[in-house]
1. With contacts defined as alpha carbon pairs under 8 Å and 6 or more residues apart, what's the relative contact order of region 5-115 in percent?
2. What are the principal axis extents of the Cα atoms in region 1-109, in Å, biggest first?
3. Sorted from fewest to most neighbouring beta carbons within 10 Å, what does the list Ser150, Ser20, Ser116 look like?
4. Using a 7 Å offset from Cα along Cα-Cβ at Ser180, what residues in region 199-239 end up with backbone N under 13 Å from the label point?
5. Compute the Cα gyration tensor for region 156-257, then decide on rounded, prolate or oblate, letting a ≥ b ≥ c be the square roots of its eigenvalues: rounded whenever a/c is under 1.5, prolate when a/b is larger than b/c in the other cases, and oblate in all that remain.
6. For an R0 of 35 angstrom, estimate the FRET efficiency from the Cβ-Cβ distance between Lys17 and Phe246 and round to the nearest 0.05.
7. Under the rule of at least 5 residues apart or a separate chain, name every residue whose amide H is placed under 5 Å from the amide H of Ala242.
8. Projecting each Cα onto the charge dipole of the chain (Lys/Arg +1, Asp/Glu -1 at the beta carbon, about the Cα centre), which of His31, Leu73, Leu227 comes out farthest on the positive side?
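Derivation of every value follows stated rules applied to the coordinates shown; laboratory data play no part. Just so we're clear, the structure is a prediction, and the values are computed from it rather than from any experiment. Note that we place each Cβ from the backbone using ideal geometry, even for glycine, and neighbour counts take in every protein chain shown.
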Amino acid sequence: MKEMTLWFVSIGLADEKDMSIRALEIAKRAHVVFWENYTQPLETTKKKLETIIGKEVVPLTRKDIEEGYGEILSLAKDKEVALLVGGDAFCATTHTTLRLEALRRGIETKVVHSSSIFSAIGETGLHIYKFGAVATIPFPERTGGKLPKSVYEVALKNFKNGFHTLFLLDIDLETNRFLSVKDAFKILKELEKSERNGLFNNDTKWVVVSRLGFKDQIIAYGTIGKLVRLEFKPPSSIILPAKLHFTEEEYLKYFEV
């Protein structure tokens with residue numbers, strides 16, 4: 001009897017070298033290997049992945065996953081199929097939806113986990129269990145030029161409850177665009193002007209994490225005025241800390257600018 005398994009193979013933060021031994025073993029033995037690179041973009045290529053795995057790798061777009069998953073599931077009915085995903089697969093609801101549909105069709109699913117931005121931010125010294133809801137700052141054109149008030153509301157609620165807020169910055173891989181840290185802060189400052197709650201004032205200190213998991217990663221802690229003077233390469237995220245524990249405060253001093 002043939003295997004009928006859909007593997008969600010998480011491959012880490014940076015590039016193909018972040019693949020665990022287990023992830024590599026699964027990819028090598030799978031009959032078909034797909035790769036989506038929009039949830040957590042990696043600095044790798046189809047050719048590099050094929051070299052390390054030793055077989056063809058089929059790139060998928062966001063549309064392929066969200067609308068065209070029929071092909072993936074059809075193959076997984078009588079083959080082992082591996083879907084390579086940057087970061088950790090189930091940090092994205094898209095993959096949860098795909099897995100649920102596989103289960104509905106009686107297809108076995110298995111998972112290989114890896115590092116993601118949600119675990120890597122612990123390197124800042126902020127306590128992971130003190131993070132609240134996550135918000136994404138979109139490109140202005142995605143929201144019709146209107147400021148995303150929901151982003152502010154998430155941050156305000158978190159802050160009032162003593163939770164840190166992780167802001168993910170929008171990406172558009174089709175045009176190779178990444179929302180910059182400077183533009184993200186500009187959007188947040190505009191939100192502050194409209195909301196007038198004093199959440200993002202000039203004395204507020206933020207954490208910027210740039211290229212976590214890469215050799216040239218940067219962690220910086222300071223006010224917006226100081227942080228916008230620095231250059232941060234993508235992918236980057238920003239964090240609004242709530243009230244700090246003394247150990248968090250001590251740790252962040254090593255990253256202060």
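1. It comes to 47 percent, rounded to a whole number.
2. 34, 30, 19
3. Going from sparsest to densest Cβ surroundings: Ser150, Ser20, Ser116.
4. It comes to 228-234, nothing else.
5. Because a/c hits 1.5 or more and a/b fails to exceed b/c, region 156-257 counts as oblate.
6. That gives a FRET efficiency of 0.45.
7. Result for Ala242 returns His164, Thr165.
8. So the residue we want is Leu227.
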